[in-house]
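J.: One structure, pasted below without further comment.
The values are calculated or read from the model by the stated rules, or taken from the named source; none is laboratory data. Being a predicted model, the structure only gives us computed values, none of them experimental. No Cβ is skipped: glycine too gets one built from the backbone with ideal geometry, and neighbour counts run over all protein chains shown. With ligands, DNA and RNA removed, areas are computed over all heavy atoms of the protein, side chains included. Shrake-Rupley method; radii C 1.70, N 1.55, O 1.52, S 1.80 Å.
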Amino acid sequence: QVQLVESGGGLAQAGGSLRLSCATSGSISSINGMGWYRQTPGKARELVAGISSIGLTNYADSVKGRFTISRDMAKNTVYLRMNSLKPEDTAVYYCKISTMRMDYWGKGTLVTVSS
């Protein structure tokens with residue numbers, strides 16, 4: 001049984017930083033990519049950052065230059081370093097791991113940025 005567990009969320013002040021982690025349990029093979037998404041009430045979940053199996057990264061325009069995605073392939077763990085946080089970054093952040101067979105999602109971690 002594969003499970004993804006996010007951690008590192010919480011309250012931060014505008015301009016501050018947080019580092020999210022997504023740890024996995026269970027066996028996952030043939031990973032195509034890993035990513036972080038976020039969602040606020042009433043809005044669709046949106047991609048924040050992704051990293052492919054060969055290490056290529058992509059970011060939402062709103063976080064470019066502020067957020068950095070990284071991974072530890074040996075541990076099947078993905079991270080999101082968030083700097084220069086803004087109140088509009090407030091959301092529930094979810095990690096996702098995509099394999100050839102299916103996608104796995106975590107349950108999310110809340111990030112709140114105060115002005």
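J.: Take the residues in the range 1-39 that are among the hydroxyl-bearing types (Ser, Thr, Tyr) and within 23 Å of MET100 (Cβ to Cβ), then tell me which one is nearest to the chain's Cα centre (by Cα).
T.: Looking at the filtered set, the residue picked out is TYR37.
J.: Can you name every residue in the range 78-101 that is closer than 14 Å to GLY33 by Cβ and of a type in the set (Val, Ile, Thr)?
T.: Within the range 78-101, VAL78, ILE97, THR99 meet the criteria.
J.: Let me ask something else. I need every pair where a residue in the range 18-31 that is under 18 Å from GLY50 (Cα atoms) and open to solvent by less than 50 Å² (accessible area, probe 1.4 Å) has its Cβ under 6 Å from the Cβ of a residue that is of a type in the set (Gly, Ala, Ser) and part of a strand (DSSP E or B), sequence separation at least 6 or different chains.
T.: That search, which allows pairs on different chains as well, returns LEU18/ALA12; SER21/SER7.
J.: Find the residue count for the range 48-85, including only residues that are farther than 13 Å from LEU20 by Cα and open to solvent by 50 Å² or more (accessible area, probe 1.4 Å).
T.: 14
J.: Looking only at the range 68-94, count how many residues are assigned to a strand (DSSP E or B) and either touching a residue at least 40 places away in the same chain (Cβ under 8 Å) or of a type in the set (Val, Ile, Thr) (or both).
T.: Residues in the range 68-94 being assigned to a strand (DSSP E or B) and either touching a residue at least 40 places away in the same chain (Cβ under 8 Å) or of a type in the set (Val, Ile, Thr) (or both): 12 in total.
J.: Could you go through the range 91-100 and let me know if any residue there is of a type in the set (Gly, Ala, Ser) and touching a Pro at 6+ places or on another chain (Cβ under 6 Å). Can you show your working first?
T.: As a first pass, look at the range 91-100 and keep what is of a type in the set (Gly, Ala, Ser): 91, 98.
Next, only the ones that are touching a Pro at 6+ places or on another chain (Cβ under 6 Å) stay: none.
So far as the range 91-100 goes, no, none of its residues is of a type in the set (Gly, Ala, Ser) and touching a Pro at 6+ places or on another chain (Cβ under 6 Å).
Let's see how each residue does on (1) part of a loop (DSSP other than H, G, I, E, B); (2) at pLDDT below 95; (3) small (Gly, Ala, Ser):
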| residue | (1), (2), (3) |
| --- | --- |
| LEU4 | no, no, no |
| LEU11 | no, no, no |
| GLY15 | yes, no, yes |
| ARG19 | no, no, no |
| SER29 | yes, yes, yes |
| GLY35 | no, no, yes |
| ARG38 | no, no, no |
| GLY50 | no, no, yes |
| ILE54 | yes, yes, no |
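J.: Is there any pair with a first residue in the range 95-107 that is outside any strand (DSSP E or B) and a second that is hydroxyl-bearing (Ser, Thr, Tyr) and surrounded by 20 or more Cβ atoms within 10 Å (Cβ to Cβ) whose Cβ atoms are under 7 Å apart and which are 6 or more apart or on different chains, and what are they?
T.: Every condition considered, the pairs that remain are GLY106/TYR94.
J.: Only residues that are closer than 15 Å to GLY16 by Cα and either surrounded by 12 or more Cβ atoms within 10 Å (Cβ to Cβ) or out of contact with any Leu (no Cβ under 9 Å at 6 or more places or on another chain) (or both): list them for the range 87-115, please.
T.: Residues satisfying the conditions are PRO87, GLU88, ASP89, THR90, VAL111, THR112, VAL113, SER115.
J.: Is there any pair with a first residue in the range 32-47 that is under 20 Å from VAL5 (Cβ atoms) and open to solvent by less than 80 Å² (accessible area, probe 1.4 Å) and a second that is polar (S, T, N, Q) and outside any loop (DSSP other than H, G, I, E, B) whose Cβ atoms are under 6 Å apart and which are 6 or more apart or on different chains, and what are they?
T.: GLY33/SER52; GLY33/SER98
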